[in-house]
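Report on the following structure.
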Amino acid sequence: MPGVDFEGKVVVVTGAAGGIGGALVRELLQRGARTVVAADVDARGVGALSEELGAAVEARALDVCDEQATRALIGEVEESLGPIDVWFANAGVATGIGPDAPDEMWELQWRVNVMSHVYAARALLPRWIERGGGHLVTTASMAGLLSSAGDGAYSATKHAALGLAEWLAFTYGAQGVRVSCICPGAVDTAMLRGGAGGDAAKASAVIGGGEVLAPDVAARRIIEALHEDRFLILTHPEMQEFVIGKAENPDRWIRGMTKLWTRAQALLGSAP
């Protein structure tokens, strides 16, 4: 099956006010998308992006935790701009928590990192099945394949996001619906810097996410992988070796992660 051709397409990107989302909007325009809807809870951020990039970028405020708002946006876009060809469920949140955190903080990560994908799928799948095509691209994380030192909720929800994407891909593939899942490594975003005092390199060392990539480089790799019709998209292909190592020897991997977390605590403890 040929990969995605974005020429003339209507594409929605959530979490588009910055980081990978904003870089995806720029890359999609370069790849010929007719309209890119940049959606984010940060209305000012996507508004600025639209002003910068021009009329082909439509800014929309969206809280991805709100299913009715997601349905309303989909209906409005399809009525005013045309059928949605590709939906990037890219919004995400990390709060650096474990079991001791209150339920409200766990619920936030669950709703943003998992349920927002469910809400998009619920609204889009009937439309795409009727039309015989559509592509859902979800953003999980290398934490969904490996783990995330220091954020139990992020690791758990990103594992769930990847599992959901896999299930959607094989369940609806015969009906013309494609699903891909992005698992970024260390990309220089506000989320990456947030847990390490603003130091992206230190954050990468903590999570073991590989070389820190600029968002535009990550976006280019993601779009190229979609052109190749890949399900699992790694911004850092070399991280596949870690996934293989984990599968081959889970006990050794746990021991390694224990050492990584011990070093990470010392590193973060030395941060100003």
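Here are the numbers for this structure:
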{"item": "Region 213-262: number of residues that are among the β-branched types (Val, Ile, Thr), over 24 Å from the mean Cα position of the chain (by Cα) and not in a helix (DSSP H, G or I)", "result": "0"}
{"item": "Candidates Ala123, Ala39, Ala94, Ala72 - the one that is aliphatic (A, V, I, L, M) and at pLDDT below 95", "result": "Ala94"}
{"item": "Residue check for Trp128: over 19 Å from the mean Cα position of the chain (by Cα) and either closer than 24 Å to His227 by Cα or assigned to a strand (DSSP E or B) (or both)", "result": "yes"}
{"item": "Neighbours by Cβ (under 8 Å, 6+ apart or cross-chain): first from region 27-53, over 17 Å from Val64 (Cβ atoms); second among the aromatic types (Phe, Trp, Tyr) and buried (at least 18 other Cβ atoms within 10 Å of the Cβ)", "result": "Leu28/Phe6; Arg31/Phe6; Gly32/Phe6; Ala33/Phe6"}
{"item": "Test for Thr138: is it closer than 30 Å to Ala266 by Cβ, in contact with a helix residue (DSSP H, G or I) (Cβ under 6 Å, 6 or more places away or on another chain), of a type in the set (S, T, N, Q) and at pLDDT 95 or above", "result": "no"}
{"item": "Residue within region 157-174 that is more than 18 Å from Asp85 (Cα to Cα), touching a helix residue (DSSP H, G or I) at 6+ places or on another chain (Cβ under 8 Å) and of a type in the set (Ser, Thr, Tyr) present", "result": "yes"}
{"item": "Counted residues, region 166-207 - those being modelled with pLDDT under 85 and either part of a helix (DSSP H, G or I) or buried (at least 22 other Cβ atoms within 10 Å of the Cβ) (or both)", "result": "15"}
{"item": "Elements of type strands (runs of 3 or more DSSP E) in region 1-112, at least 2 residues being closer than 30 Å to Gly150 by Cα and within 16 Å of the chain's Cα centre (by Cα)", "result": "10-14, 35-40, 86-89"}
{"item": "Cross-chain or 6+ apart pairs with Cβ under 6 Å, region 251-269 first and modelled with pLDDT under 90, then outside any helix (DSSP H, G or I) and not basic (Lys, Arg)", "result": "Leu260/Ala149; Leu260/Gly208; Trp261/Ala149; Ala264/Ala149"}
{"item": "Region 228-238: number of residues that are surrounded by 14 or more Cβ atoms within 10 Å (Cβ to Cβ) and not aromatic (Phe, Trp, Tyr)", "result": "6"}
{"item": "Among (1) over 20 Å from Met115 (Cβ atoms); (2) touching a helix residue (DSSP H, G or I) at 6+ places or on another chain (Cβ under 6 Å); (3) not aliphatic (A, V, I, L, M), the one test that Glu76 misses", "result": "(2)"}
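The values are calculated or read from the model by the stated rules, or taken from the named source; none is laboratory data. All values reported here derive from a predicted model rather than from experimental measurement. Cβ coordinates were reconstructed from backbone atoms using ideal geometry, including for glycine residues, and neighbour counts include every protein chain displayed.
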